[in-house]
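Report on the following structure.
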Amino acid sequence: MPRVLAVCCPGRIAAIAVILGLAASGHALAQSPTVSSDADITVIKGRLVAQYEAAPYADASRSLASLAADGSWPDINYADRSLNWDPQKHLDRLKLMAIAYRNPNSPDHASAAMRDAIVRGLAFWYRKRPAADDWWHTEIGQQLALEPILILMDRDLPADLLRSGLADLHDPVELASYHFTGENLVWCATEQLVRGVLRPSAEDVANAAKAMESVAAVTAESEGIQYDHSFHQHGPQLYDGGYGLNLLKDGTANARLLQGTRFAFDAAHVGVLSDLLLDGTRLMVRGRMLDPGAIGREIARPGAGQEAPGLLPALDAMAELNPGKKGEYDGLKAHIQGTGAPFSFLGHKHFWDSDFTVHQRAGYYASVKMVSNRTYGTETINGENLKGYWLPFGFTTIARRGDEYLDIYPAWDWAHLPGVTAPAEVPRFLSHVDQQNGFVGGVSDGTYGAAAMKVDVEAGTSLHAHKAWFFFDDEFVALGAGISSTRTVDVDTTLNQTLLRGNVLVDGRTAPPGQQALAGVSWVLHDGVGYVFPGKADVTLGTGPRTGSWSDINSLQPKVPVTKDVFSLFVSHGTRPNGASYQYIVVPDIDAARLADYARHSPVRVLANTSDIQAVRHDRLGVTEIIFYAAGRLSLDPGLAITVDEPCMLLLEAGGAAARLAAAVPRGPLQLHVSLERQGKTQTIPFDVRGGPALGASSVKQL
């Protein structure tokens, strides 16, 4: 893959890209015939017109009919300054009207009445000059609506209105640099591009293009495209959905917009966008679902986690920009559109820059969201995601179709998030969530893998735990040890909390509705997902309606009751646990008969579950996954043992004489020595653990 080093200078946009090994990366990028430089801005403007006028324009005629003589709408509060800024509706309506005016298929195409109404509405806007308290509405939000209005209405606007509109389109260097990184920078650069096209100004267009291209680079900074092909916004925080999704849509659209002109993205930067799409965001998709653990505070918005169709424009653009990988783009597109196409990536990846693990199989998807002292786990801004504190402490998404959590969030019990061990309460928090421990990470060979985190939360909750997940073909195993808390409420480990679909079977019997404590349970089956308890366990099962409101988790949403039928399953460790533990196996895509047989003859063995070592062996696959929280030794089988001199995460595949070992260490740089004892012989394997952007990445060695 291309290696891109981006160096960002405070206060201005600068990027130095060093591209290595492009030919070996497989990026075969399309080269369009170069347009004459004198015509470049005209070409870009024509493409912008075509792009904007093809957008939907529903309700444009209704907006025309309800516009007052002075250019205002009576239902808009122009004095509002709140986060949910009401005056934004004014520009949004004018945008739809401008699209209807220019679209040749619209009944209002070239209508004098529509043109005059748009002019009247824009004139009112600049007379009134509504103000917002939030910087985003002032610097980005209103401009996103204003840009298509100005492009589509250009020659139909009086000169003074056009000048007023252009004055509201900013140059990124004019604004606070700490706001304008990642997708925020792309939005602002688009303002400068539109300004440059309409003036026209080649300097504006060139600077905007450079700013757009600079974001399509791998960076060692906390925000932007990371070395593991995840995306960060608002600090070192995973945001492949939300900001990252918009960056992919806008970045690929801008690359296609500028293609063939002297302002075009170079091949390396297009390649970085392709890597973000295929080696990053694609891995977080199942059906229409884009993992709710990867969308930040947008989990508190209606439709959360169903953003995968938003990738379709980026996939179409990349198929044109990078035809060598068209098959991969088309494969993901077909999967998202629900054509029955299989998912285009099967495997396992730990995103070491983001403390996030994904596991894709033909029959299911699973992920684990974590947080360390290197990352931010989630955020609350503008009154959104008010109950999301526990999200980064092991939130585990389990999906076969992708609709398992569709709009469940207002009805969720946020103290019992899937995969999380926590007190049965939801702490309030400001800004972002992190934790003090750095031993958080994962190991992977690309097919199998494990993830682990030491939970050390002192502020308000005093929670400590060692949690690990071990992923194989048909199942994954979850272990917890050293669970302690000083809180006077129960501490629980939740296996899942999802939409209720059909009956729930407990050891073959249909469970009655409601919440019930069950003793000595071997297995539970719900919606084709099995939960197996080696040695049996006492569990709490809940089935039935739960009611909440979007306003409970997002102050910008209405206080309207939302009721969902919910399935929940958790193990309780009681109040003030000290050294508690758990173990369970999740077996997705299975029926009752096979699950009962699996519970009797499970191919996985828990080798250790302590605060020092957590380990699981899959006997059929010959795969052993181990988390060493301290230097130590583990006996795997008679005549087979492994010793390490540093805390680490290991994956050993031993089949016959051949073997390979993967190792990861979420701290460094250092040298790790792994000693493998087989049949009386000891082999020591050294691993040089890299620091910097590669910190936490897995290394694989053949033995």
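Please treat every number below as a calculation from the coordinates, not as lab data. Worth saying up front: this structure is predicted, and the values here are computed from it rather than measured. When we count neighbours, we look across all protein chains shown, and the Cβ atoms used for this are built from the backbone with ideal geometry, even at glycine.
Below is a table of values for the structure above.
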quantity: Surrounding net charge for A132, when Lys and Arg each add one and Asp and Glu each subtract one, Cβ distance under 9 Å; calculated: -2
quantity: Separation between Cα centres of segment 76-151 and segment 545-559, rounded to whole Å; calculated: 29
quantity: Rounded D (µm²/s) - segment 94-233, Kirkwood Rh over Cα pairs, Stokes-Einstein at 4 °C, 1.567 mPa s; calculated: 79
quantity: Paired Rg and Dmax values of segment 223-277, which use every Cα atom, in angstrom; calculated: 11.7, 35
quantity: Reduced Cα scattering model of segment 540-679, Debye log10 I(q)/I(0), q = 0.10 Å⁻¹; calculated: -0.58
quantity: Helix 112-128 axis, angle to the chain major axis (alpha carbon atoms, nearest 10°); calculated: 70
quantity: Cα-based radius of gyration of segment 268-371 once divided by 2.2 N^0.38 Å, which approximates compact folds; calculated: 1.05
quantity: Entries in K467/K536; K128/K210; K326/K467; K89/K387 that, when Cα-Cα distance is taken, lie over 30 Å; calculated: K128/K210; K326/K467
quantity: Cβ crowding within 10 Å averaged over residues, with 268-274, 680-686, 249-255 ranked highest first; calculated: 268-274, 249-255, 680-686
quantity: Helix 88-102 axis, angle to the chain major axis (alpha carbon atoms, nearest 10°); calculated: 70
quantity: Protection proxy ranking, peptides 156-162, 481-487, 44-50, average beta carbon neighbours within 10 Å, highest first; calculated: 481-487, 44-50, 156-162
quantity: J(HN,Hα) series, segment 357-365, from Karplus relation 6.51 cos²θ - 1.76 cosθ + 1.60, nearest Hz, glycine and proline x; calculated: 10, 10, 9, 10, 10, 4, x, 6, 10
quantity: Scattering curve values for segment 463-542, log₁₀ I(q)/I(0), Debye with Cα scatterers, q = 0.13, 0.21, 0.26 Å⁻¹; calculated: -0.49, -1.16, -1.42
quantity: Cα long-axis angle, helix 142-153 against the chain (0 to 90 degrees, to the nearest 10); calculated: 40
quantity: Global size of segment 367-519 as Cα Rg and Dmax, reported in angstrom; calculated: 16.2, 47
quantity: Taking all pairs of distinct alpha-carbon atoms in the chain, Kirkwood radius in angstrom; calculated: 27.1
quantity: Segment 258-307 shape via C-alpha gyration tensor axes, a/c threshold 1.5; calculated: prolate
quantity: Assigned charges on the beta-carbon of Lys, Arg, Asp, Glu; segment 364-603 dipole about Cα centre (debye); calculated: 320
quantity: Whether segment 394-457 is rounded, prolate or oblate, judged on the alpha carbon gyration tensor where a/c under 1.5 counts as rounded; calculated: oblate
quantity: Cα-based radius of gyration of segment 605-703 once divided by 2.2 N^0.38 Å, which approximates compact folds; calculated: 1.02
quantity: Alpha carbon Rg of segment 501-581, scaled by the compact-globule rule 2.2 N^0.38 Å; calculated: 1.36
quantity: Point-to-point label distance, Q679-S66, nm (Cα→Cβ direction, 7 Å offset); calculated: 8.0
